[in-house]
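Below is one structure, written out as structure tokens; comments come after it.
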Amino acid sequence: MRRKISLKPITLLLLLVTFTSFGKEQEGHGEQKTDKKTEIKEYIQHHLQDSYDFGLYSYTTDEGEHKHIGFPLPVILWDNGLKVFSSSKFHHGETVAEVDGNFYKQHHGKIYKVDGANGEIVLDDQHHATNEKPLDFSFTKNVFMIFVVFLIMFFMFSRMAKAYKKNNGMPKGMGRLLEPIVLYIRDDIARPNIGEKHYKKYMSYLLTVFFFIWIVNLFGLTPLGVNVTNNIAVTFCLAIVTYLITTFSGKKDYWKHIFWMPGVPVPMKIILAPIELLGTIIKPFSLMIRLYANITAGHIVLMSLIGMMFIFKNWLGSPLSFLLAFVLGILELLVAALQAYIFTMLSALYFGAAVEEHDHH
């Protein structure tokens with residue numbers, strides 16, 4: 001745990017360097033197009049968004065050329081046929097990409113079709129794009145990080161399994177790090193909430209979802225701008241998997257207590273049935289919103305505090321903002337694990353309710 005906390009100052013320093021370089025891009029030319037508050041707000045929004053390339057860093061040269069350090073990702077569109085090309089054609093959203101005689105342009109993190117090489121996005125009165133939007137199956141930065149986390153988890157657990165096999169069930173290497181966490185999830189989350197009889201068949205999912213959320217949340221605290229659980233589509237997928245497992249695991253007693261609650265007068269059964277049915281949908285919805293909102297809010301507050309150092313520019317405001325950001329950064333390490341724990345715990349509770357066997361007298 002000490003190692004993880006000690007990495008936080010490095011993360012904050014990297015964020016400071018990133019913000020500093022961003023400010024220098026405007027100051028270097030002597031042309032202040034927007035005020036500092038607007039710059040910081042736009043940078044935070046950019047940091048939270050998904051993108052079609054993996055950008056590590058950007059800077060402006062003395063000649064005014066904007067340089068991006070990173071690598072492109074594949075763009076996959078369906079527009080009267082499959083269109084596959086590199087995101088480098090967009091030049092970080094600054095130009096129109098031509099593919100097989102069709103022209104595409106980025107706008108607020110989405111790809112739209114335009115009329116030509118100089119085509120523009122047409123907006124309606126509500127500032128929504130009216131251009132045709134092809135079906136997008138692109139390999140974005142968040143998708144890339146999901147695969148990276150998958151490889152990390154596969155590496156960790158495969159090493160752990162091999163260590164157990166070689167040492168007659170004794171942990172070694174990676175197993176020593178992971179075994180206490182695995183045992184905690186088994187003995188303090190799965191067994192008490194699901195029951196001794198059924199918990200084993202849910203352990204693989206509970207372990208997967210815990211480590212996935214925890215690792216991607218830790219990546220979200222780095223200056224890479226990787227915010228997988230900040231994407232509501234990701235949290236929706238995690239929640240819908242929990243909902244499907246709960247629904248298809250539900251036994252007769254589970255559905256009986258939803259549609260025709262025993263020991264309750266008939267008129268109340270009729271009133272409570274739709275409420276209980278709605279509750280089965282609200283539970284995974286709360287999982288989705290809780291994870292998404294907590295991670296997003298933490299990122300916004302942390303980066304806002306760092307940005308305030310460049311607004312105050314005095315001996316009191318800047319150190320105070322840095323101290324608050326440092327403390328909040330350490331708390332975010334706790335939140336990263338806490339959100340993984342809460343999601344896993346509530347999933348186990350829902351599974352336990354679905355397979356619980358009641359005694360009716």
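Taking K and R as +1 and D and E as -1, what net charge do the other residues with C-beta under 14 Å from the C-beta of Phe144 add up to? List each step's numbers first, then the result.
Working: positive: Lys141; negative: Asp50, Asp53.
Surrounding charge for Phe144 is -1.
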_Correct choice for P(r) over Cα pairs in 20 Å bins from 0, in percent that was computed from the model, options (1) 25, 43, 27, 5, 0; (2) 23, 48, 27, 3, 0; (3) 27, 56, 16, 0_ = (2)
*asked:* Under 20 Å between alpha carbons, and skipping anything fewer than 8 positions from Lys141 in its own chain: which aspartates and glutamates qualify?
replied: Glu42, Asp50, Asp53, Glu94
*For the stretch 74-138, what is the relative contact order in percent, using Cα pairs closer than 8 Å and at least 6 residues apart in sequence?*
30
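For the chain, what does the helix formula give at 222 nm: sum of -39500 (n - 2.57) over DSSP H segments with n ≥ 4, over the residue count, nearest 500 deg cm²/dmol?
Mean residue ellipticity, 222 nm, calculated: -20000 deg cm²/dmol.
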*Decide, for the stretch 142-355, between rounded, prolate and oblate: order the square roots of the alpha carbon gyration tensor eigenvalues as a ≥ b ≥ c, take rounded if a/c falls under 1.5, and otherwise choose prolate if a/b is larger than b/c, else oblate.*
oblate
*Relative contact order of the chain, pairs being alpha-carbon contacts under 8 Å that are 6 or more residues apart, as %*: 18
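For the pairs Lys201/Lys251; Lys200/Lys283; Lys83/Lys133, flag any whose C-alpha to C-alpha distance is greater than 18 Å.
Lys200/Lys283
We did not get these values from a lab; they are worked out from the coordinates using the rules stated. None of the values given here were measured: they were computed from a predicted structure. Using ideal geometry, Cβ is built from the backbone for each residue, glycine included, and neighbour counts are taken over all protein chains shown.
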